[in-house]
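**Student:** Please see the structure below; I have some questions.
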Amino acid sequence: MVMSLLRKLAPGRGSVIAVPYLWLTLFFLVPFLIVLKISFAEQDIAIPPFTALAEYADGYLNFKLNLSNFLYIFTDEFYFDTYLSSLKVALITTIGCLLLGYPIAYAIARTDPARRNILLMLVMLPFWTSFLLRVYAWMGILNETGLINSFLLSIGLIDEPLHLFHTDFSLYIVMLYAYLPFMILPLYSNLVKLDLRLLEAAADLGARPMKAFFSITLPLSKNGIIAGSMLVFIPAVGEFVIPELVGSSETLMIGKVLWNEFFDNNNWPMASAVAVVMVLILIVPTALFHRFETRELEGKDHA
């Protein structure tokens with residue numbers, strides 16, 4: 001009787017599945033639709049435009065869509081260069097995090113189980129401190145009177161401070177530092193599940209460790225590589241704090257353009273159009289890749 005009562009009180013499978021869909025609808029789809037609506041509106045002075053995009057009159061539904069913002073984005077070279085620069089920075093950051101994070105994740109996954117938790121804690125330790133404070137710490141490390149220049153000057157390796165701050169070098173260093181844990185953790189969760197008997201079998205068949213790595217370990221860790229790359233690439237495209245604080249004045253990032261349009265120009269429709277295009281640039285390839293992966297898995301199941 002108690003078990004039957006618990007079954008009745010327990011949420012059904014549909015209710016459990018509905019919770020994440022409800023969360024995504026409220027906190028992703030609805031805000032995105034609001035931004036999309038603003039992107040088609042006319043600019044109001046220093047306030048978000050609240051005019052309706054459609055009105056019903058004389059038996060007809062009339063749409064009032066302002067496409068000038070999107071036309072301006074696709075015809076102005078500044079926005080094209082900004083999107084291209086943001087994608088370049090995000091791609092270099094992703095590749096750098098992968099090259100650095102894969103060996104770290106592999107080493108943690110292959111270490112003694114008693115020490116894994118300690119190593120994982122060290123990876124997640126930066127999250128215990130404010131992101132902004134960590135960026136400010138790097139400002140103190142990279143500037144002309146910072147730790148790096150002070151150390152190099154003290155040992156006589158350089159005669160004058162190096163210009164490390166507000167450069168592409170400082171931008172990529174801090175980007176790698178900030179996003180590296182997002183690459184390590186998915187890779188670790190994938191590599192720790194790898195069946196080591198496959199590597200033993202490859203060794204018994206005469207495969208060298210490097211050959212076994214590229215033939216077995218790397219292909220089987222594909223899902224971890226994809227997950228980590230997406231976790232790094234997507235937020236890196238819209239990064240604002242790091243390019244603003246440690247990047248050069250010539251660094252073009254879409255996050256800074258959004259800030260300028262919203263707060264300096266007070267042009268909400270233009271800023272919303274820039275945000276919509278950025279979201280489409282990220283979502284459309286991701287959706288197409290997910291569809292390709294789904295079809296590939298279905299093909300394997302049928303085979």
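**Student:** So Pro235 clears everything in (1) surrounded by 17 or more Cβ atoms within 10 Å (Cβ to Cβ); (2) under 30 Å from Phe165 (Cα atoms) except one condition, right? Which one?
**Tutor:** Of (1) surrounded by 17 or more Cβ atoms within 10 Å (Cβ to Cβ); (2) under 30 Å from Phe165 (Cα atoms), only one is false for Pro235: (1).
**Student:** Select from region 243-276 the residues that are closer than 18 Å to Leu33 by Cα, surrounded by 18 or more Cβ atoms within 10 Å (Cβ to Cβ) and not polar (S, T, N, Q) and list them in ascending order.
**Tutor:** Leu258, Trp268, Pro269, Met270, Ala271, Ala273, Val274, Ala275, Val276
**Student:** In the list Ile226, Ile242, Ile234, which residue meets the criterion of being within 23 Å of Ile92 (Cβ to Cβ) and out of contact with any helix residue (DSSP H, G or I) (no Cβ under 6 Å at 6 or more places or on another chain)?
**Tutor:** Answer to the check: Ile226.
**Student:** Continuing with this model, one more query. Taking Ala275, is it modelled with pLDDT under 90, among the small types (Gly, Ala, Ser) and part of a helix (DSSP H, G or I)?
**Tutor:** So Ala275 does not fit the description; no.
**Student:** Now for a separate question. Taking region 176-224 as the region of interest, how many residues are out of contact with any Ser or Thr (no Cβ under 9 Å at 6 or more places or on another chain), aliphatic (A, V, I, L, M) and surrounded by fewer than 20 Cβ atoms within 10 Å (Cβ to Cβ)?
**Tutor:** Qualifying residue count, region 176-224: 10.
**Student:** If a residue has to be under 20 Å from the mean Cα position of the chain (by Cα) and either touching a residue at least 60 places away in the same chain (Cβ under 8 Å) or farther than 22 Å from Val192 by Cα (or both) to count, how many in region 116-125 make the cut?
**Tutor:** 2
**Student:** Leu231 versus (1) in a helix (DSSP H, G or I); (2) touching a residue at least 60 places away in the same chain (Cβ under 8 Å): which is the lone unmet condition?
**Tutor:** (2)
**Student:** Just to be sure, is Leu185 under 18 Å from the mean Cα position of the chain (by Cα) and among the aliphatic types (A, V, I, L, M)?
**Tutor:** yes
**Student:** Which one is nearest to Ser249 (Cα to Cα) among residues in region 145-176 that are free of Cβ contacts under 8 Å to residues at least 24 places away in the same chain and aromatic (Phe, Trp, Tyr)?
**Tutor:** My answer is Phe169.
Condition check ((1) within 25 Å of Tyr188 (Cβ to Cβ); (2) surrounded by 13 or more Cβ atoms within 10 Å (Cβ to Cβ)) across all residues:
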position	(1), (2)
Ala105	yes, yes
Asp112	yes, no
Arg115	yes, no
Arg134	yes, yes
Pro161	no, yes
His166	no, yes
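**Student:** Hey, another quick one. For region 237-257, how many residues are in a helix (DSSP H, G or I) and either within 16 Å of Val277 (Cβ to Cβ) or touching a residue at least 60 places away in the same chain (Cβ under 8 Å) (or both)? If you could, list the steps in order and put the result at the bottom.
**Tutor:** Of the residues in region 237-257, the ones in a helix (DSSP H, G or I) are 237, 241-246, 254-257.
Now narrow it down to the ones that are either within 16 Å of Val277 (Cβ to Cβ) or touching a residue at least 60 places away in the same chain (Cβ under 8 Å) (or both): 237, 241-243, 245-246, 254-257.
Qualifying residue count, region 237-257: 10.
The values are calculated or read from the model by the stated rules, or taken from the named source; none is laboratory data. Because the structure is a prediction, the values reported are computed rather than measured. Positions of Cβ are generated from backbone atoms using ideal geometry, with glycine treated the same way; all protein chains shown enter the neighbour counts.
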